[in-house]
Structures are given as C-alpha cells and as structure tokens.
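The values are calculated or read from the model by the stated rules, or taken from the named source; none is laboratory data. In this text the structure is predicted, and so the values were computed from the model without any measurement. Because the Cβ atoms are built from the backbone with ideal geometry, glycine has one as well, and the counts that use them run over all protein chains shown. Note: areas computed on protein heavy atoms with side chains; ligands, DNA, RNA excluded. Shrake-Rupley method; radii C 1.70, N 1.55, O 1.52, S 1.80 Å.
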Amino acid sequence: MKLKVRLFLGIVSLVLVSAAPLAQQAPAPAPSQTQHTAVAPNYDLASRWASAKVGKMVFSTGVSPQWLEHSDRFWYQYETPSGKRWWMVNPARRTRVALWDNAKMAAQLTTILRTPYDAQHLPISAIEFFDKDTVIRFAVDLPKDATVSTDSVLDMKMEMKTEEQLKQEREQQQEERQDQQQERQGARQAETKKHWLQYDVATGRIVLLQNYEPEKEKARWAAVSPDKQTVVFARGYNLYMMDAAQYAKAQKEADDPALVETQLTTDGVEHYSYARELRTEEDRRRFRPGKKDERDKKIGPRVPAITVYWSQDSTKFAVSRNDSRKVGDLWVINALANPRPTLETYKYGMPGEANQPQAELAVVDIPSRKLTPGKTAAFVDQQISMVTAPVTTRRRAQEQTEPQWAASGSGTIYFTRTSRDLKRIDIVALDPVTGESKPIIQERSNTYVELQPLRLIKDGTELIHWSERDGWGHYYLYGADGTLKRQITSGEFVCTGIEGFDEKTRTLFFTAAGREAGQDPYYEHLYRVNIDTGDIRPVTSGDASHTVAMNDAATHYVASWSRVNTVPEGALFDATGAKVMDLEKTDVSALVEAGFRFPEPFKVKADDGITDLYGVMYKPFDFDPAKKYPVILYVYPGPQTESVTKAFSPRSQNVALAQLGFLVVEVGNRGGNPSRSKWYHNFGYGNLRDYGLADKKAAVEQLARRHPFVDANRVGIYGHSGGGFMSTAAMLVYPDFFKVAVSSAGNHENNIYNRWWSEKHHGVKESEDKDGKIKFEYDIARNSQIAKNLKGKLLLIHGDIDNNVHPANTLRLVDALIKANKRFDMLLIPGKRHGFADAGDYVFWVRADYFARHLLGSAADGVDILELNREREIKR
C-alpha cells in the first residue's frame, strides 16, 4: 500500500497520515430509516459558545469562603456581570456586609494612583488581614512608569510595628500566592509594578504603603518547618538544612557564599536521591536563575527535597525515598528546543517489569542531625505513603502549608504500605526514635484496596478509618493499638470525605454520595454522625450536588450546590444544617439572553439491563425535533471518575461542540466511578480495554428508541488520555456501530503505560517460583491487537513530548493500522505534553471539523480556522 503523507501548517504543526485527502474520504452519511431533515454544521453558533466567550457572560458559580484566623468570620469575593464584590460574613451575628463601598474605593484609588477606576472595575488582588482583622492590605498593579500621589502615604520603614503586625505580615493565603504566580506567568508579566495599599475597616480610609515589601514568597527549593525556624532542601542528591537567619539571607541573595548550610545525609546518589526529581528542562530552569556559587559548581544548586513531612513540634521530619536505579529509562525528544532539539530522559516503571522503584522511610531529628531508617519492609515492590494531618484554616493563615505528619500524643507516626498487586494495604504505626513499626489495621481484597486519609482524634488515642470491606465506603472507629471499636457508618452509600470533627460532641461531619433515595447517586451531601452511637443525620438537603467548606471549629459551613441543569446557589449554614443566610445565586441573565439552554440529564440501563447509568445530553440551541441528529459520545472510562458532568458547567467544550449540529452525550459505565458500590467500581478488573464499551453502546441505543431525533446510524466518540484509549477501542470492538472517533493522548498500549494505572485497575498476578523468589505476571488486551477491525474514520492526536502517556502508545497503534492496510488520520503536536496547553483550542476545532465532515457530510475546508482568527483579532 502506497501512503501519501500531507503536511498542513496552522497554529501548530499538523501531520496527517492518510491514503487520500480528507475531503475525498468523506462518504455521505448512511441514510436513516426515518425521514428527517438533514443538519448542516453551524460554525457560527458553535463559535458563539466557545469557552472564552461564555466566560464573558457568566462569572462566579460558587462561594469560596476565606475563614479568618482570629474569629469565625469569613470573607469571599464574588463576580457577576456587574463586576466584583467583596463581602464579610459574621455567622454569629447573622450579618453580611461589604468589605468596602466599591464606589468610594474606586474614587480613593483613582485619586491616590492617578489612574481612573470605577465601582465595576476594581483591580484589587492579594488581600491580607492585619491587626486582628481591623486592617486590610491589598495590591494594585500599575505600569512601571506610572506616577502616584504622595498625599496619602504611610512610610512602612518608619512605622513602629507591633509583634502581632510583624507576624501578620508574614501571613498570606495560599490562594493569593497562587494568584500572584499566575500573574507573573501570564500576559501581565509585562512592565508592571505592584503597589500596596492599606484600608482601615473602621474609617474607610485608604493609604498608599510607601517602601512596603511583603515577605517574599517561600523559595521554591525550601521546605519550611511549622515554627519557621528550620528550612530543609537538597543539593546534589543529599539533604541539607539552614536556620531561619540563614534562610532570610538566602531570600535576599541566594548565591551568598557566606551562607551556612548543614549537610544531613551523604548516601544520596542519582536515582536514589533525597532531591525531588526535576524531569524536564523547564523544571530545572525554574530553580536557579542567575549566577552560581562554588557549591553549585561542585554539588549542584539548591533544589527541593523529596516531600518533607514535618512533626507538628518542628523537631523532626520524615522523608520517603525511592531507589529507582534499576528502573528502565524512557525518552522524549523536544523538537522545538533551541538551538537544537533535546533528548529528555526519565525513569518510568512499566507494568509487568521486574525492576520497580523500592520505597523506604526515614526520620531525621533536627537537634541531633540523626537519621533513623524506618523498618517498613513487608511486601515485594511495596509502596509507602505517609499519613498527614489535615490542613486547617489556622495552618493556612500561619503559612503552615508543608505536609505535617499525623502524630499521636505519644509521638507515634503512621504510614500506609501497599503491595504491588494492591490487594493488601497495611496502616502501620512507627516509632520515630527507634524506627520500629507494626501494622495496626490491615485491608485485604481479591481486586484492589483503596483508602481515604486516616483521621486521628482524641490526641491520637483513637483513629477514624475508611474501608470498603463490606462493599461500600464507610468509616470505622479504632483504638490506637488497632482494636476495632465499631463501624461508624453503614448502608448502601459511599462516604467520600471528612469535612470536620467536633471533639466535644464526638460528631463527625462527612460527605457521602448515593444515600438519598430518588436522587442521582453521584450527588454529594454533607452528613453528621455521632461516632459512638452511629446516629447519622443529613446536614444538606435538596436534589443537587453540594460542595462544602467548614470552619475549623465545625460550627458553620458554606455550601454551594447545583445540577447540570440548574443555576448554582450558595448559603451559610450552622452545624445542624439550619440555614443562617443566603449568600449568592449565579447570575445567568446574559447566558439566557444569548440563547443558552441547559443540558438534559437522563437515566438508562447498562448492557446488563439491571444497573442504572446516569448521563447528560447537550443539544444544539437551535434544536429542531423534526431533524435527525448524529450522536457524539464524550468518554473517559475511569476508574477514577466518569466523564459525566454533575454541576452547572456552561463553559464546557461539549456545549460548543453540540452547536455544530450534534447531540453530545456523556454517560457512565460499570466500572467507571468509585462513588458507587465496590462492585460497580471494580467491574472492569481484568478487562481494562473493553469493560465500559458495551454500556456506552447500550446507552445510545436506548436514547435512540426514546427519541426519534437521535440518529443511531451516525455515532461518533471522543476522549482524551484514558478517553482517547477508550474511544479508539470502541471503534475497534464495535466497528459497525461507532462510525467516527477522535482520540487524543490515548494510552492505547497499556503494557507500556505507567504501572499504577494498569496493574491496579487491570490486575497483576504475584507468584512464587521454586526458589522462593516473588515474580509478577502481567498481560493486557491492547488496541493494536485489533487494529484490523477498523471500519470508520479515526483521528489520532498526541503531543510529541508527552511524558505521561508516551507518544509510543499512539505510534504502536499507528504501526498496527499501517500493517492492517487501514486509512486513518493523525495530528502530532510539537512541543506539547499531555494536556496540549495553549494548543487546546486548536485541537477543539480540528476535532469539530472532523466530526462535521464525517457525521454531517461537510466541514470548513479553508486553510485558516476563522473562528480562532476572529478571537485573536478581538484580543489584539
């Protein structure tokens, strides 16, 4: 077979492997049994509902409370088509007041910064609270050459500060730091300067803070102790530390050769290192800009250590190190690197291979500098994970965001160890002084075991443990010695996470899915249960999915709720579930005026005729029931999650895709989600390629029987990553049903994908040979094995430096298709990893064209993608 390879140049490079031009390959869609009017692709309508344009019609869709350190009050920011508002809420007084008057704020900012603002357009960022929350400090970005007024200035160098103020100046919320990082990385990286201002809550007066320098962000290489007195990092392959004074100097001049550092380990080597692996050139460039001192030249620059887990008293820390020296290498080539393409090499354990990372745990005592290895060995090729303490509001306010171990009053720490086949997990108690350990809770299964974080209560004398041992995810109360006291929750529902605990009343607040009869089983609600009596009560209500944020004292929480077909709302409640006040309801007036229609939830049966599946259908906004519409399934097989939207999501790409003239369908499948029963979740165990396909097909067939506008003769399917794998498998397992697929970044060959995915969800057999040596047997069905079955139109997309799902996953499938003499199409995206980054919009329109051409019979065929060019013109 002679192949023609055509090169298309667009926003990114596109390589199309084909036996003929796309336009010539497109046969007319198969005629329907029922006569309906045909649908032509509506590019104009689709472009009007692109994500970026929807983002200009609807803004905030949930309330994210920022609880204050010194009270149970919280503030939040909320944006509507009228602009941003900032609110302070006092649950005890049942009040909500504006942080400031936007109009007065705009007037004062205009006067001070000599830049015009109004109430709808306030450029405020990085909000901080000081002086027991009576003063608010914030930032505004201006061009570097802008001049400001000197009339309302507070010279921060001359100001006498209280110790409380000095402490508060070091306190920035994690979310605010992320905002600043995004600003630096984004388009506003240009010539701007951050000006800091201070707002007095009592008087409403604003002053410009002259010479104010907020505490520098934590250095990327630093792991800071809870008391801020010790900093741990790595040089070369070993651990080092410095005290707070030396760290302050390093913040000013990182290359100061006089800085005092203490080396803690000497046994680190390449691929058996205490340093975090910097896999990519981008990672390596981030850590040491500027010149290098002599230590850099000899042993390397400061880089982050592997994850450091601090004791809560800051006297010790634990590290979990992996020996990957025998693990095989993998490579990608960055063709866009300058001045020459570069080879990127990294360790990558594949399923079934003998050589895997070997995990170990050690504890370092700060005063003595002593490292104590933990005695952790139990399973061959086991994995180790520390049990950590929850991150509270107070910890965030004090910038204690580094992981802390969950320790009991006696100092015992806990970790989990997991067998390679994931059928055995132990929760283990470890003595940080001696390194001795013993299992206190053991979980065993014939498929795979999953856990949620262990929760210590009553100063660690009791433990709350989550288990699926009875087929559903529930909480169990244990003593510190591993004695089971009682099962706390039970029934046919899944507990999904702990939100709070009241030590006085011994009340556990948790979220769960599937408990409320008559509702979609994926909708989450908040519940309360007494851990001694098992008396469980719902705390949220309503036929919707809830997200909650509870204060540290577990006295109040903020809930935001919606469905895919309802407007989101948010309110404040007390711990009993009584509403304190309504907070927000998303403003969708602009959406409605533009013609938005909610997608439609539905329920069908799985291929077994018994199991309920839940889905969502997106229709064109110019939908005509007299017409016949092709179906496009958007898929992700799980098993971590199903690709079915449950909350209000107007910016979904599936909204825009439907506007071309498709019914876009998301629907679950057995084996797809852990929020159902253990049986449901593990349905695909041992059949990772095919387990979800029959349910997808059955769902479309049922929809076609219900609705005459559903054309089951024209069915497309697409997905990314696991969805890319699944969409191609659907084309090969059911080639007469699925007619078109667009499969991006698919792990088509799970024998060369990462060990975690395949060995966990498909299974690996552990056995012992005659000499007593443990070995692992692994085999899995792959898409390349059935490439000969392809009948429809298939477009494969992959980034050429994808170091998650290696491009070989797609290329091996390509090789099998070529050997089977199959026509197909391929788009290789240079310089992109697994997520495609800024090429995402380009991929959307390539996908849209492909489905339009092969399901609707025509598509845009000009060289330019006009919809993207228009957006660029608007941005200019």
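Points worth noting:
- Solvent-accessible heavy-atom area per residue, rounded to whole Å², over region 377-518 at 1.4 Å: 40
- Annotation: extensible slack from ASP459 through SER490 equals 8.6 nm (criterion: 0.36 nm per residue apart, minus Cα-Cα distance).
- Relative contact order of region 39-142, defined on C-alpha pairs under 8 angstrom at six or more residues apart (%): 14
- Antiparallel bridges, percent of DSSP beta bridges restricted to region 437-575 (to nearest 5): 100
- Average accessible area per residue (Å²) across region 626-704 - probe 1.4 Å, nucleic acids and ligands excluded: 23
- Residue order for ASP421, ASP574, ASP481 - accessible surface, 1.4 angstrom probe, largest first: ASP481, ASP574, ASP421
- Label point of ASN687 set 7 angstrom out along Cα-Cβ; within region 712-726, amide nitrogens under 18 Å from it belong to 726.
- Ordered by 1.4 Å accessible area with all protein chains kept, THR265, THR392 run largest first as THR392, THR265.
- Each residue was assigned an accessible area with a 1.4 Å probe, and for MET386 the value is about 20 Å².
- Reachable lysines from LYS773, criterion Cα separation under 23 angstrom, eight or more residues apart if same chain: LYS326, LYS375, LYS423, LYS760, LYS765
- Label positions at ILE818 and ASN565, each projected 7 Å from the Cα along the C-beta direction, are separated by 4.8 nm.
- Total formal charge among the other residues, if their Cβ is under 13 angstrom from that of GLY204, Lys/Arg +1 and Asp/Glu -1: 0
- Principal axis dimensions, largest first and in whole angstrom, of region 820-876 by Cα: 47, 30, 16
- Label point distance in nm, ASP44-GLU79, each placed 7 Å from Cα along Cα→Cβ: 3.0
- Residue pairs exceeding 24 angstrom between C-alpha atoms, taken from LYS438/LYS504; LYS697/LYS832; LYS696/LYS791: LYS438/LYS504; LYS697/LYS832.
- Accessible area ranking (1.4 Å probe, heavy atoms, ligands and nucleic acids excluded), largest first, for HIS748, HIS121: HIS121, HIS748.
- Using bins of 20 Å that start at zero, the share of Cα-Cα pairs per bin across the chain amounts to 12, 41, 40, 7, 0, in whole %.
- Fraction of accessible area attributable to carbon and sulfur, the chain (%, probe 1.4 Å): 49
- For region 624-744, Kirkwood radius (reciprocal of mean inverse C-alpha pair distance, Å): 14.6
- Area accessible to solvent at ASP864, 1.4 Å probe radius, in Å²: 100
- From its DSSP helices (H runs of at least four residues, each -39,500 (n - 2.57)), the chain gives a residue-normalised ellipticity at 222 nm of -5000 deg cm²/dmol.
- Computed from the Cβ-Cβ distance with R0 of 22 Å, the FRET efficiency linking LEU336 to HIS271 stands at 0.20.
- Centre separation in Å (Cα based) which lies between region 556-575 and region 327-346: 47
- Taking the DSSP bridge list for region 693-845 and keeping only pairs wholly inside it, about 20 percent are antiparallel.
- Site pair GLU253 and ASP227 shows an inter-label distance of 3.0 nm when each label is modelled 7 Å from Cα along Cα→Cβ.
- Accessible surface of SER311, taken over heavy atoms with a 1.4 Å probe and every protein chain present, rounds to 10 Å².
- Estimated FRET transfer efficiency when R0 is 22 angstrom, pair VAL135-LYS194 (beta carbons, to 0.05): 0.75
- Relative contact order %, the chain, counting alpha carbon pairs below 8 Å whose residues are six or more apart: 11
- Under the span-like rule (Cα at least 15 Å along the axis, Kyte-Doolittle mean at least 1.0), DSSP H helices of the chain: 722-733
- The calculated FRET efficiency for the pair LYS326 and ALA244, based on their C-beta separation and a Förster distance of 35 Å, comes to about 0.30.
- Annotation: extensible slack from SER541 through ASN804 equals 90.7 nm (criterion: 0.36 nm per residue apart, minus Cα-Cα distance).
- Between region 782-827 and region 731-756, the Cα center-to-center distance that results, in Å: 8
- Percentage relative contact order, region 309-442, counting C-alpha pairs under 8 Å, at least six apart: 22
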